[in-house]
Protein chains: 2
Amino acid sequence: MQCTRCGSERVIINRKYSGQMLCGECFIETTRKKVMKDIRKYGLIERGDRVLVGLSGGKDSVMVTDILDELRNRNIIELEAVTIDEGISGYREDGIRAAGRFCAERGIPHRVVKLKDYAGITLDEIMKNPSRGACTYCGVFRRWILNREARKSGATKIATGHNLDDECQAIVMNYLEGNLENLTRIGPVTSTAGGRFIPKIKPLREIPEREVGLYVLARGLDVHLAGCPYASGSFRREIGDFLKQISVKRPTIMYSTLRGFDKIKESLIKDMHGGRKSGTCLICGEPSSGRLCKACTFINELGVNEGEVHSDYR
Amino acid sequence: MQCTRCGSERVIINRKYSGQMLCGECFIETTRKKVMKDIRKYGLIERGDRVLVGLSGGKDSVMVTDILDELRNRNIIELEAVTIDEGISGYREDGIRAAGRFCAERGIPHRVVKLKDYAGITLDEIMKNPSRGACTYCGVFRRWILNREARKSGATKIATGHNLDDECQAIVMNYLEGNLENLTRIGPVTSTAGGRFIPKIKPLREIPEREVGLYVLARGLDVHLAGCPYASGSFRREIGDFLKQISVKRPTIMYSTLRGFDKIKESLIKDMHGGRKSGTCLICGEPSSGRLCKACTFINELGVNEGEVHSDYR
């Protein structure tokens, strides 16, 4: 086996969807080029952007920060990182440490913010008596916190580490649930709700999860590898396992799902004639389709004592 | 446990998606009513239709024939059945016998037609050296043969036994493969290609597969229960297993998939502005998106000797 790009015999990956066999260096280089190409193709970043990256310390967010750091070094963007502490004991601490070490090494400004301060409750506390899945709470709260942190920072873009598998999972979940409103919000750049949301970008949207893992290994990046204790048995996880399994025999299937979805989304949006609901949450002032945004709805449902919410966050 | 409809204690089904517990009689009655309602809702049948049903002898096609037979007895439609012998030895013979017995009992005109006569080759022969999955060949050839048989009969509708699971499998397969052209062809009535195709109707589209099985049992219908030997390991089967598995915890998921799809399809069709390709196959004269229809393309690919095709079928 030889690297199909440079002839080296130290092949670390057989990319079945493209026919490439690559050594470590060529794998890193082609992957970075692919991400940079997607950034240009989808117009994810402009010169002068101030990018806030959501950095959990896991492989995906570390990889995207590593690549954005190159743009920072070339003086194309400003970069800062935020780690959200959801309050998952025995799990989140290691991620926070990995994120802190990575940013200290690179000189990237970094801060940690707590769900407890924002919502008056931790995820562990919520999960003692939950009426929804952990990922539902966590996803809504993390998006909400990132938006608010970005606004505080004057960020012009929010970057996340979502990879190809994540994106396909979201697409298939919403196909199966018949949730067209959610489907129209999935993409390389999320809807900006008429400029009131700070655009959220996903530079790794076309990188398969296993290549994200290989990238951080090949680059020798120090990441937090544990899986979230609440993720097992979730709908998303079941769909993810299924997609991985069918990808073994059909290496291009996640790409065909993504391409098909991008076209379906265009048709859905045209057909909506701007009919998407868009207002402002009466409590926090964030963009919202109803009177309250989902995060404030959850805080209300969870019966959190208003005094528990840190005054800085109201 | 009591039947939620009549109070009988002989409950045979707990319909988790509706909360109903039903005895055999109430199950049969509610299921027939549901199918009749869907026939009206989607305009599947008009008084005076001449319906050709594709009857394999399996549970789905026997159930749909049983229900259509009621419309025949009420003098709303004329009904005839065609069984296609694909040439799968050790499997198809039993289905043909079951179909024959059923039609003889009811006095429904019935005939058996062979893939070998139409295409010059059996499925067993194709599968000795296939370049595609068995279901791909079989699906294309069966649709093609049904269309041609219906035209010979002067039928105004072609009915098939596709159930909710089948429909969701087709939807998810094409979502994953990103095949938008195929997606727009899925529905309770298939596209008529400007009147050149005889409309194909699926009265059982909203009946879950397990209820089809229960229906034939509860009605005491004699069906061929074996599974096709070529179906295992197919993409469709893998998707079907996955959908069944996630339905256990989420009993309404196939309905939400179907509802979501029906809306997506509307948007896709509007966005096509009649851009769907539609021509006539140069060999058989059937409607086709290319110069040759898929069936004639396959026959050509398979290198069938023209002399093998029965002259009646050319």
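Just a few scattered comments:
- Of all residues in the stretch B:1-50, those satisfying the criterion of being farther than 18 Å from B:Thr190 by Cα, hydrophobic (A, V, I, L, M, F, W, C) and in contact (Cβ under 8 Å) with a residue 40 or more places away in the chain are B:Ile12, B:Ile13, B:Phe27, B:Ile28.
- Counted as qualifying within the stretch B:54-164 are the strands (runs of 3 or more DSSP E) with 3 or more residues that are closer than 19 Å to B:Ile201 by Cβ, aliphatic (A, V, I, L, M) and touching a residue at least 24 places away in the same chain (Cβ under 8 Å), namely B:78-85.
- Criterion (at pLDDT below 85 and among the hydroxyl-bearing types (Ser, Thr, Tyr)) met by exactly one of B:Ser256, B:Ser267, B:Ser232, B:Ser247: B:Ser232
- Residue match in the stretch A:274-287 (condition: part of a helix (DSSP H, G or I) and under 21 Å from A:Asn182 (Cβ atoms)): no
- Taking the listed residues B:Gly90, B:Gly100, B:Gly139, B:Gly178, the one that is at positive phi, surrounded by fewer than 22 Cβ atoms within 10 Å (Cβ to Cβ) and more than 14 Å from every other protein chain (Cβ to nearest Cβ) is B:Gly90, with no other qualifying.
- Verdict on B:Gly213 being within 14 Å of chain A (Cβ to nearest Cβ) and within 29 Å of A:Gly233 (Cβ to Cβ): no
- The residues of the stretch B:232-242 that are more than 8 Å from every other protein chain (Cβ to nearest Cβ) and more than 21 Å from B:Ile207 (Cα to Cα), listed by number, are B:Ser232, B:Gly233, B:Ser234.
- Every residue from the stretch B:145-175 that is β-branched (Val, Ile, Thr) and either touching a His at 6+ places or on another chain (Cβ under 6 Å) or within 12 Å of chain A (Cβ to nearest Cβ) (or both): B:Ile171, B:Val172
- In this entry, A:Thr156 is excluded by the filter for residues that are assigned by TED's automatic domain parsing to the domain that holds A:Asp117, surrounded by 18 or more Cβ atoms within 10 Å (Cβ to Cβ), closer than 22 Å to A:Asp69 by Cβ and modelled with pLDDT of 95 or more.
- When A:Met173 is tested against (1) more than 20 Å from B:Asp262 (Cα to Cα); (2) not in a loop (DSSP other than H, G, I, E, B), exactly one condition is not met: (1).
- Filter pass, A:Ile239 being β-branched (Val, Ile, Thr) and free of Cβ contacts under 8 Å to residues at least 60 places away in the same chain: no
- Scanning the stretch B:85-104 for residues that are modelled with pLDDT of 95 or more and touching a strand residue (DSSP E or B) at 6+ places or on another chain (Cβ under 6 Å) gives B:Asp85, B:Ile96, B:Ala99, B:Cys103.
- Subset tally (residues that are of a type in the set (S, T, N, Q), within 8 Å of another protein chain (Cβ to nearest Cβ) and not in a helix (DSSP H, G or I)) for the stretch B:243-260: 0
- Taking (1) more than 17 Å from B:Cys228 (Cβ to Cβ); (2) in a helix (DSSP H, G or I); (3) within 14 Å of another protein chain (Cβ to nearest Cβ) in turn, B:Ile186 satisfies each apart from (2).
- Of residues in the stretch B:220-231 being in contact with a helix residue (DSSP H, G or I) (Cβ under 6 Å, 6 or more places away or on another chain) and surrounded by 16 or more Cβ atoms within 10 Å (Cβ to Cβ), the one farthest from the other protein chains (Cβ to nearest Cβ): B:Leu221
- Residue satisfying all of: in the stretch A:65-113; among the basic types (Lys, Arg) and more than 18 Å from the chain's Cα centre (by Cα); farthest from A:His162 (Cα to Cα) among these: A:Arg74
- Some residue of the stretch A:269-278 being away from every other protein chain (no Cβ under 13 Å), in contact (Cβ under 8 Å) with a residue 12 or more places away in the chain and surrounded by 15 or more Cβ atoms within 10 Å (Cβ to Cβ): no
The values are calculated or read from the model by the stated rules, or taken from the named source; none is laboratory data. Everything numeric in this text was worked out from a predicted model, so none of it was measured. Glycine also receives a Cβ, built like all others from the backbone with ideal geometry; neighbour counts cover every protein chain displayed.
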